[in-house]
Protein chains: 2
Amino acid sequence: MLNLAVMGSGSGSNFQSLLNAVRDGRIEARVVCVLSDNADAFILERARRAGVPAYFVDASPFRTKLDGAGEARALEILRAHGADFIALAGFMRLVKAGLLRAFPGRIVNIHPSLLPAFPGLQAWRQALDYGVKVSGCTVHFVDEGTDTGPIILQRTVLVREDDTPESLHARIQEQEHIAYPLALQWIAEGRLRIVGRHVIGAPNSV
Amino acid sequence: MLNLAVMGSGSGSNFQSLLNAVRDGRIEARVVCVLSDNADAFILERARRAGVPAYFVDASPFRTKLDGAGEARALEILRAHGADFIALAGFMRLVKAGLLRAFPGRIVNIHPSLLPAFPGLQAWRQALDYGVKVSGCTVHFVDEGTDTGPIILQRTVLVREDDTPESLHARIQEQEHIAYPLALQWIAEGRLRIVGRHVIGAPNSV
């Protein structure tokens, strides 16, 4: 049984989809704690309502990474709850070496584009500005880079001519809420292996 | 009726798919000539067998672009045959300002990836090496960059764990042979407009 920690900075809609999947038995895991670098993030409120231990971790003075004292505090919380796997869900900071070494190949993220296209912030807006006709979402293992780790699963979304950033983002999120529980159940089942940049063991055509 | 010229450097499988579509009435166009920078390219042989005027254009001394005397010779041939639109089909050189100015918004290309991911050579191999789970092909208008112009149409291909570069390339080519005739018929119908980086008027969900 996977002891899953979730880290996020925002509303936590992906956290909610994971929580729902755990409750429905679609992911054989426990969600042991939720961490946020944003004291006001709704993901913390969602966790509390669900009875999941929820922590604000002060990541200052850094603005774009989790390092130093904030990283040490996160590790302390993760260990206290026996977390053995981390799912990032809208976590807006780079994860650094301390956390990566403590959870080698055991941190995943979901990103709202078909990586390697449109890494970084507001990927749906980047895609719309670029003028692609297909975008989607990507679940991937986390490495030192920004959205560069080995890819587990991608799901596509057609871009419409009348899409706004909001409408495209909403359709991508629908696919995220399908993709992330699937990927985490594969992890819970021990199906996946990382070989170089490749993730082996994921079913095709999902 | 579109007077279409095709430029390629290789076997011309996309040229063949366009020719078939023209013959079947799926593209309302005439293929008025074929140009290649490679005297031995099979695309020239295909054209001759089909009774389409076929020309080798010597692009030396340049190695990666069509410029100078080669560009001038190409323009001469295109004009002589009344070409009013150019489809690149495996043309391995950058098109430069002279041709772009003579055919403004009237040159298209097909690329074997979901751009902006994997521009440049052997995109299917780049995709496989990166470890993506979804790739595909892109039809786009040509601008000064390498595979950077406004996107008309993209079709997706799932990457399999046992794919070789050859097997993935073959499945992407199947989608290219669907995508390119569709895009050219939309052009022949006068449906498409370029607005900044966006192509307006393409049907969704094809």
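Quick rundown of the values:
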{"read-out": "Residue within the range B:107-130 that is closer than 19 Å to B:Ala5 by Cβ, open to solvent by less than 20 Å² (accessible area, probe 1.4 Å) and either touching a Lys or Arg at 6+ places or on another chain (Cβ under 7 Å) or polar (S, T, N, Q) (or both) present", "value": "yes"}
{"read-out": "Test: residue in the range A:105-122 that is in a helix (DSSP H, G or I), of a type in the set (Val, Ile, Thr) and either under 27 Å from A:Ala54 (Cβ atoms) or not assigned by TED's automatic domain parsing to the domain that holds A:Ile43 (or both)", "value": "no"}
{"read-out": "Residues of the range A:135-145 that turn out to be over 13 Å from the mean Cα position of the chain (by Cα) and open to solvent by less than 10 Å² (accessible area, probe 1.4 Å), as a count", "value": "2"}
{"read-out": "A:Gln126 touching a strand residue (DSSP E or B) at 6+ places or on another chain (Cβ under 6 Å), at negative phi and either part of a loop (DSSP other than H, G, I, E, B) or facing another protein chain (nearest Cβ under 10 Å) (or both)", "value": "no"}
{"read-out": "Counted residues, the range B:119-141 - those being β-branched (Val, Ile, Thr) and closer than 21 Å to A:His198 by Cα", "value": "2"}
{"read-out": "Of all residues in the range A:174-190 being in contact with a strand residue (DSSP E or B) (Cβ under 9 Å, 6 or more places away or on another chain) and charged (D, E, K, R), the one that is farthest from A:Leu88 (Cα to Cα)", "value": "A:Glu174"}
{"read-out": "Qualifying residue in the range A:168-179 (condition: in a loop (DSSP other than H, G, I, E, B) and basic (Lys, Arg))", "value": "no"}
{"read-out": "Exclusive hit being modelled with pLDDT of 95 or more, assigned by TED's automatic domain parsing to the domain that holds B:Asn20 and open to solvent by 70 Å² or more (accessible area, probe 1.4 Å), set B:Ala69, B:Ala83", "value": "B:Ala69"}
{"read-out": "Close pairs from the range B:24-39: first outside the structural domain of B:Tyr180 (by TED's automatic domain parsing) and among the acidic types (Asp, Glu), partner open to solvent by less than 60 Å² (accessible area, probe 1.4 Å) and not in a loop (DSSP other than H, G, I, E, B), Cβ under 6 Å, at least 6 apart", "value": "B:Glu28/B:Ala188"}
{"read-out": "Filter result for B:Thr146 (without any contact (Cβ under 8 Å) to a residue 40 or more places away in the chain, touching a Leu at 6+ places or on another chain (Cβ under 9 Å) and away from chain A (no Cβ under 13 Å))", "value": "no"}
{"read-out": "Qualifying positions in the range B:149-167 - small (Gly, Ala, Ser) and within 12 Å of another protein chain (Cβ to nearest Cβ)", "value": "B:Gly149"}
{"read-out": "Scope the range A:180-206; condition open to solvent by less than 20 Å² (accessible area, probe 1.4 Å), under 18 Å from B:Glu161 (Cα atoms) and touching a residue at least 60 places away in the same chain (Cβ under 8 Å); matching residues", "value": "A:Ala183"}
{"read-out": "Residues satisfying the stated conditions in the range B:168-206, i.e. within 12 Å of chain A (Cβ to nearest Cβ), in contact with a helix residue (DSSP H, G or I) (Cβ under 8 Å, 6 or more places away or on another chain) and hydrophobic (A, V, I, L, M, F, W, C)", "value": "B:Leu192, B:Ala202, B:Val206"}
{"read-out": "Top-ranked residue in the range A:96-106 [being hydrophobic (A, V, I, L, M, F, W, C), open to solvent by less than 30 Å² (accessible area, probe 1.4 Å) and over 23 Å from B:Asp129 (Cβ atoms); ranked as farthest from the other protein chains (Cβ to nearest Cβ)]", "value": "A:Leu99"}
{"read-out": "Residue within the range A:61-71 that is touching a residue at least 24 places away in the same chain (Cβ under 8 Å) and either under 17 Å from A:Leu184 (Cβ atoms) or part of a helix (DSSP H, G or I) (or both) present", "value": "yes"}
{"read-out": "Residue match in the range A:53-63 (condition: among the aromatic types (Phe, Trp, Tyr), out of contact with any Pro (no Cβ under 9 Å at 6 or more places or on another chain) and buried (at least 21 other Cβ atoms within 10 Å of the Cβ))", "value": "no"}
{"read-out": "Count - residues of the range A:146-165 that are in a loop (DSSP other than H, G, I, E, B) and open to solvent by less than 30 Å² (accessible area, probe 1.4 Å)", "value": "5"}
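The values are calculated or read from the model by the stated rules, or taken from the named source; none is laboratory data. In this text the structure is predicted, and so the values were computed from the model without any measurement. All Cβ positions, glycine included, derive from the backbone under ideal geometry; neighbour counts span all protein chains shown. Surface accessibility is based on the protein's heavy atoms, side chains included, excluding ligands, DNA and RNA. Shrake-Rupley method; radii C 1.70, N 1.55, O 1.52, S 1.80 Å.
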